[in-house]
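*Asks:* First the structure, then my questions, so here it is.
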Amino acid sequence: MKEEFLIEGEWGGIDLGASMRRLRAGIGAGGSTVSEAAFAALGATSVVLTPVIVEQCEAIRVEFATDDGIWSATLDLAAQHVTYLNMSTGETEEPLLVRPEAGELAAGSFALERMGIPPMETPRGNVTLDTVLVLVYLQQHHAGRSTFGSVSAADMNLTLGVCFGVLDEGAARLKAQAHAARSRATRDATALRKANEQRQKYGLPTSFDLDMEQERYSRAADQHAGDLLRLAQEIEHHQGVLTGRDAEAARGLQAVSSAATAADQAHQMLASRAPRTGPPATGGRRGGHAASQALPRVRAALAGPLE
């Protein structure tokens, strides 16, 4: 119904109701500039705005009538989001991005819902608004395809099928997602092939070489784990042997202590038999002889358990 441009803080534009004849005239009568600006303000993703609009305008605003009232759509050219206002009820929609992320609602999808057209995205990620508006201004589209970002025939067929009920919307969405997934897989495979070619060109390892190295390191790690297990078992065995030897050493110390006690007792017995006074006599010689005979037995008792 109306189209305006924000230039240096002031809105100015034209009444589209009086310009339909110019729009139908196609290129050469200002129709391309007006229509592409209207498409962009409604959230189209493949529109290529003229440099005059991009360089001079801060925002584009269009008014359009629907069954639930008259709406205005304002596109912020810098932020690339659209704000919708229902001029009949005062209802305002939060700014919607032209190219949202993480599955958020797109500005073009909101405009299509107001028009009563099923919104969905094409395999290229464009909302069907792009091709719906091409149908509205079909003559303008045929006059210059580049005006609307060169909408593909696949996008056009998909939009026609959904809008006229020939194609189920759910099936079309799955088909678009499958096509996008195949395209991403093809791009990834191509990128991987080129990366391998570059690696071979510069003598760097390829992904196959890295996989082989990883397998070799895995085998080596398994072998080292087995060696550690065997070493732990050997350590456990040696600890058992050391425990047994500690027990034997304890028994040997006990035997030495017993032998020392026996020697001390023998010494006391010898000392008790020796004369208390006077020079050593025959008894002393007998005591010395007994001590000399007992000494080897004491030594044998001391040395025996330690061997």
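The values are calculated or read from the model by the stated rules, or taken from the named source; none is laboratory data. Note that the structure is predicted; figures quoted are calculated from it, not measured. Methodologically, a virtual Cβ is constructed for each residue, glycine included, from the backbone with ideal geometry; neighbour enumeration extends over all protein chains shown. Protein only, heavy atoms only, side chains kept; ligands, DNA and RNA dropped before computing areas. Shrake-Rupley method; radii C 1.70, N 1.55, O 1.52, S 1.80 Å.
*Asks:* Length gain on complete extension for the stretch Thr206 to Asp67, per 0.36 nm per residue less the alpha carbon to alpha carbon distance?
*Replies:* Difference between extended and current length: 43.9 nm.
*Asks:* Ranked from the most accessible area to the least, with a 1.4 Å probe and all protein chains present, what is the order of Phe5, Phe39?
*Replies:* Order by accessible area, largest first: Phe5, Phe39.
*Asks:* Right, something else. Measure off 7 Å from each Cα along the Cα-to-Cβ vector at Asp188 and Gln223, then give the distance between these two points in nanometres to one decimal.
*Replies:* 3.5
*Asks:* So what are the ³J(HN,Hα) numbers for region 225-236, from phi and the Karplus equation (6.51, -1.76, 1.60; θ = phi - 60°), rounded to whole Hz, Gly and Pro as x?
*Replies:* 5, x, 4, 5, 5, 5, 4, 5, 5, 5, 4, 4
*Asks:* Just order 59-71, 246-258 by mean Cβ neighbour count inside 10 Å, highest at the front, would you?
*Replies:* Going by the mean number of other Cβ atoms within 10 Å, highest first, we get 59-71, 246-258.
*Asks:* Shifting gears a bit: Would you mind computing, in nm to one decimal, how far apart the modelled labels at Ala249 and His237 are, each placed 7 Å from Cα along Cα→Cβ?
*Replies:* With each label placed 7 Å out from Cα toward Cβ, I get 2.2 nm.
*Asks:* Sort 218-225, 120-127, 82-89 by the packing proxy (mean of other Cβ within 10 Å over each peptide's residues), most packed first.
*Replies:* My ranking of the peptides, most packed first, is 120-127, 82-89, 218-225.
*Asks:* With label points built 7 Å along Cα→Cβ from the Cα atoms of Thr33 and Glu113, find their separation and express it in nm.
*Replies:* That separation, rounded to one decimal, is 3.5 nm.
*Asks:* A follow-up question, please. How do Glu10, Glu113 stack up against each other in accessible area, from largest to smallest, with a 1.4 angstrom probe?
*Replies:* Reading off the accessible areas and sorting them downward yields Glu10, Glu113.
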